[in-house]
Structures are given as structure tokens and as C-alpha cells.
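Just so it is clear, none of the values below were taken in a lab; they were calculated from the coordinates. Small disclaimer: the values here were computed from a predicted structure and weren't measured. Note that we place each Cβ from the backbone using ideal geometry, even for glycine, and neighbour counts take in every protein chain shown.
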Amino acid sequence: MSGLLYKDFQLILNKISVKSRLLIILVLLLVTIFGRESGTIFLSIMGPISLASMPTGLLIADQESGWNRFVGVFPIPKRNIVLARYIFCISLIVSISFITLILSIATALIFQQFSLQIHILISIVGLLIGIMYVVLLLPAVYASGTFGITIVNILVLVLIMGGVYILQKTTWGLSFIAWIGNTNSFLLVITSCILIAVISIVSMIISTKVYSNTFK
Amino acid sequence: MDTKPVIDVLNLSKRYKNFQLQINNLKINEGSIVGLIGENGSGKSTFLNLLLNQIKSEIGNVKIFGLDYVKDECQIKLNLGVILEQNYFPNSFSVQQIEKMLEKVYPCWDKKLYHNLIDEFDLPTNKPISNFSRGMLAKLNFAATLSHHPRLLIADEATSGLDPIVRKEILSMLKEYVNDNQMTVLLSSHILSDLEQVANYFIFSKRSKDR
């Protein structure tokens with residue numbers, strides 16, 4: 001499995017030239033300097049979500065090139081082939097979340113516009129949204145390739161719009177917002193983590209089943 | 001001499017819409033170099049995919065090294081080398097990066113052998129393989145596959161599309177390697193002269209007309 005992880009990480013490094021890496025670092029710094037705390041809060045949310053689509057692009061490329069079938073000749077169980085993909089995707093999101101968290105904390109200490117707790121909470125929210133997006137995308141991509149991404153994006157958009165409507169316009173939604181405001185943040189984060197862990201496991205089981213069925 | 005069969009196939013059948021592969025009984029013993037020859041569409045690649053567990057048969061049984069894919073898939077694949085017509089390594093990877101990937105996949109990866117084969121084939125180690133010619137890719141695939149010392153090598157049209165000089169070079173190297181190591185080879189090709197150069201047994205795959 002470590003060979004597959006090496007392959008994915010090295011592939012990303014090969015694809016992103018040194019110039020591109022420097023450009024990404026420059027953009028992060030500029031957003032931090034000029035956007036200050038708002039900028040880093042924006043990065044904390046958008047960074048993981050933006051990065052979530054990168055590994056799925058890799059998965060589609062692997063499907064189209066035949067790598068996904070070729071890797072079946074390696075002495076690696078199918079579930080580990082899928083698990084390696086999940087580990088790769090999630091660790092990328094964790095890494096960017098960690099970087100944006102560092103930037104966030106730095107701006108919080110320098111400018112003291114928002115509390116440190118808000119920065120940390122928002123980083124965690126960004127991380128969880130990014131992971132959620134990946135665990136929804138991967139089974140869809142294994143099942144349907146590029147079309148799967150389109151389906152998930154539409155689904156996520158509908159869920160967000162539906163969720164916003166329910167929260168703003170319904171009594172239940174307003175009660176839910178009030179309850180969230182009164183609940184301990186730490187407890188909320190722990191509950192969210194458990195929920196996403198369960199969804200990730202279900203997602204992985206579905207992906208493994210779909211992937212194994214390609215060897216019929 | 002009582003040699004164990006490395007490949008043991010019994011009543012194997014695979015059906016597609018317009019095609020059916022049927023093998024009643026086939027045993028390939030250890031140390032053999034077997035050429036699988038047949039016309040296009042006769043089922044050579046289907047048979048090899050069944051041996052590699054890349055596709056499943058409707059009925060029948062395949063045992064590799066006396067082991068079953070259902071229970072011992074990883075054990076089989078640790079000792080299996082596969083060379084296909086097309087290159088599947090990432091195009092942006094260099095020879096070195098492919099080595100780093102494969103040495104993590106195969107516990108018995110032989111670094112020295114890989115470097116010797118790469119040097120013998122005169123392949124550049126730091127350039128992306130997207131710059132490689134077809135012949136260079138074929139040599140790379142052979143080097144990468146032999147370097148984990150497989151007990152069974154399955155090659156599906158591995159020398160197709162290569163010029164005669166490169167084909168001769170690869171097949172000579174393969175024959176020399178097989179003589180030095182106790183390895184079984186199943187080589188599929190529609191080029192009879194290639195198989196005549198290395199194989200000591202032949203399997204003929206025949207396409208029957210639909211009735």
C-alpha cells in the first residue's frame with residue numbers, strides 16, 4: 001500500500017512544477033497579508049474544498065489510462081488499493097488544513113480581530129467539509145468516472161441550497177440554529193468527527209465493492 | 001522427473017456476448033517457457049486475464065503454484081510477474097521513481113538486478129518515461145518485472161510493435177535470465193519467430209467459427 005501512496009504523492013509533485021509551488025505559496029502569503037484574519041478564514045474553508053477535487057482528477061486519469069486495472073496484478077488486496085486512495089486524498093486535505101490553521105493562528109495573534117477559538121473552529125469546519133466532499137466523490141468516481149463528479153457536485157449544491165432554505169425559513173431550522181449556538185463547540189466538533197468517520201467507512205466499503213466488481 | 005505444475009487449469013470457461021473461451025485441462029510445469037500463439041481474437045488475452053484474476057470465469061478452476069486466488073491472491077501475486085503490451089506506469093515518472101514505487105510494493109525487490117538491467121538496456125534514469133520510445137518502454141517493463149524475481153512470468157504481446165533488433169535483445173536477455181533462475185514463462189504473441197527463439201513448449205489457441 002505504501003507503494004501506491006508514494007505513486008500518488010509523487011504524481012502530484014511531478015504535475016506541480018517548482019514555479020507552480022512557489023506561486024501557490026505566494027498566493028497564500030498575499031491572501032494572509034492583505035486579507036488578514038478574514039483572508040485566512042477564507043483559506044481555511046476554501047483550501048480543503050478546492051484540494052478535494054485534485055485527487056479525484058487523479059483517480060479519473062488512472063481509470064482512463066488503465067492503471068486502476070493494472071494495479072490489480074500487484075500483491076495488494078483490492079480493499080488496500082482503495083484504502084490507499086482514501087488515505088492519500090484525506091491526508092492532502094489534512095495537510096492544507098494544517099497550513100491554513102498555522103496562517104490563521106498567526107493572523108489571530110498579530111491582528112486580534114477574531115478570537116483564536118473561531119479560527120480553530122473554522123479550520124476544523126473546513127477540514128470536515130473537505131473530507132466530507134472527498135468521501136462523497138470517491139465512490140461516485142469509482143462507479144461512474146467524470147459523470148460521478150458531476151452527480152455529486154449537483155447533489156452537494158442541492159443539499160446546500162436545501163439546507164440553507166430549511167435553516168432560514170422553517171421553524172425547525174431556526175430551532176436547530178439556536179440549539180447549535182447554545183451547544184458546547186467542542187462537543188459539536190467531536191460529534192461531527194464521529195459522523196464523518198462513519199460516513200467515510202461506509203464510503204470506503206462502497207468504493208471497494210464497486211472497484212472489486214470491475215474485475216468480473 | 002516429477003515437476004509440480006505452476007499453472008493448473010481445469011474446465012475453465014468464460015463467455016462474452018459473441019465469444020466463449022473454453023479450456024478443458026492445462027498444466028504448465030515449473031521451469032518451462034511456453035509460447036501461447038493464436039490468431040487475433042482467439043482468446044489469448046482473455047486466457048491470460050483469467051490466469052491473472054483480472055476477470056472471473058463462469059465455471060472452472062485456476063490454480064497458480066497450487067494456490068487458489070480466492071484464498072491466496074496476494075501470495076500468488078508476490079511471485080507473479082506481468083508484462084503487458086501497453087505501458088501503465090505513470091508517464092511523468094522516471095526510471096528511479098518507478099523503482100521507488102515498486103520496491104515498496106514487492107518485499108523481495110532486487111535493487112542491484114534492476115540497476116544492472118537498466119544499465120544493460122541503456123535507459124536514462126532521471127528522464128520522464130513519456131520521452132521513451134516504444135522499445136525503451138518494453139525494456140523498462142521487462143527490467144521492472146524481473147527485478148522482484150517472479151516464479152512465473154506472464155507476458156501478453158510484450159514484444160508487439162517492436163523492431164526486430166529490440167525484440168531479439170529482449171528475448172535473449174529473457175532466455176538468459178530464465179536459464180539462470182528457476183522461472184516459468186508464459187509468453188503470448190502472434191509472432192511465431194519470437195516464440196521459436198525462446199519457447200520450449202507451445203499452446204495453440206484456435207478460433208472456432210460460430211454455428
Label-point separation in nm, A:L155 to A:R36, each point 7 Å along Cα→Cβ: 4.1 nm
Report, in degrees rounded to the nearest 10, the 0 to 90 angle that the Cα long axis of helix A:78-111 makes with the longest principal axis of chain A. 20 degrees
Report the Cα centroid-to-centroid distance between segment A:5-78 and segment B:63-112 in angstrom, as an integer. 26 Å
Gap in Å between the Cα centre of segment B:1-53 and the Cα centre of segment A:79-155? 47 Å
Between 0 and 90 degrees, rounded to the nearest ten: what's the tilt of helix A:146-169 against the longest Cα principal axis of chain A? 20 degrees
Starting with the highest mean, order A:139-150, B:59-70 by the number of other Cβ atoms within 10 Å, averaged over the residues of each peptide. A:139-150, B:59-70
³J(HN,Hα), Karplus 6.51/-1.76/1.60, whole Hz, each residue of segment B:131-136, x for Gly, Pro: 8, 7, 6, 4, x, 5
Kindly express, to the nearest 10 degrees and within the range 0 to 90, the angle between helix B:111-120's C-alpha long axis and the longest C-alpha principal axis of chain B. 80 degrees
Taking each pair of different alpha-carbon atoms in segment A:1-138 once, compute 1/r for the pair, average those values, and report the inverse of that mean as the Kirkwood hydrodynamic radius in Å to one decimal. 16.1 Å
With 25 Å as the limit, write out which pairs from B:K77/B:K112; B:K14/B:K139; A:K216/B:K44; A:K7/B:K139; A:K15/B:K56 have Cα-Cα distances beyond it, or answer none. B:K14/B:K139; A:K15/B:K56
What does the extension gain come out to for B:N200 and B:N116, with contour length at 0.36 nm per residue minus their alpha carbon separation? 27.6 nm
Just how many % of Cα pairs in segment B:96-211 lie over 19 Å apart, if you round to the nearest whole percent? 49 percent
Taking every residue in B:76-89, how many Cβ atoms of other protein chains lie within 10 Å of its Cβ, on average? 3
Which semi-axis lengths, in whole Å and largest first, follow from the square roots of five times the eigenvalues of the Cα gyration tensor of chain B? 28, 19, 17
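Within segment B:79-211, what percent of beta bridges assigned by DSSP are antiparallel, to the nearest 5? Write out the running numbers ahead of the final one.
On the way: 1 of 11 bridges.
Counting DSSP beta bridges with both partners in segment B:79-211, the antiparallel share is about 10 percent.
For the protein assembly as shown, what is the Kirkwood estimate of the hydrodynamic radius, computed as the reciprocal of the mean inverse distance between distinct Cα atoms, to one decimal in Å? Don't skip to the answer; put the middle values down first.
Values: mean 1/r = 0.0404 Å⁻¹.
About 24.8 Å for the protein assembly as shown.
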Using the Kirkwood radius over Cα pairs of segment A:148-216, the Stokes-Einstein translational diffusion coefficient at 10 °C and 1.306 mPa s, in µm²/s and rounded to a whole number, is 107 µm²/s
Derived scalar couplings ³J(HN,Hα) [segment B:137-152; Karplus, 6.51 cos²θ - 1.76 cosθ + 1.60; whole Hz; x for Gly, Pro]: 5, 4, 5, 4, 4, 5, 4, 5, 6, 6, 6, 10, 6, x, 7, 10
Spin-label pair A:I99/A:S115, simplified geometry with 7 Å Cα→Cβ offset, distance in nm: 3.0 nm
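Provide the percentage of antiparallel DSSP beta bridges, counting only those with both residues in the protein assembly as shown; round to the nearest 5.
For the protein assembly as shown, the DSSP antiparallel bridge percentage is about 45.
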Could you give the nm distance between label points at A:T183 and B:V70, where each point is 7 Å from its Cα heading toward the beta carbon? 4.7 nm
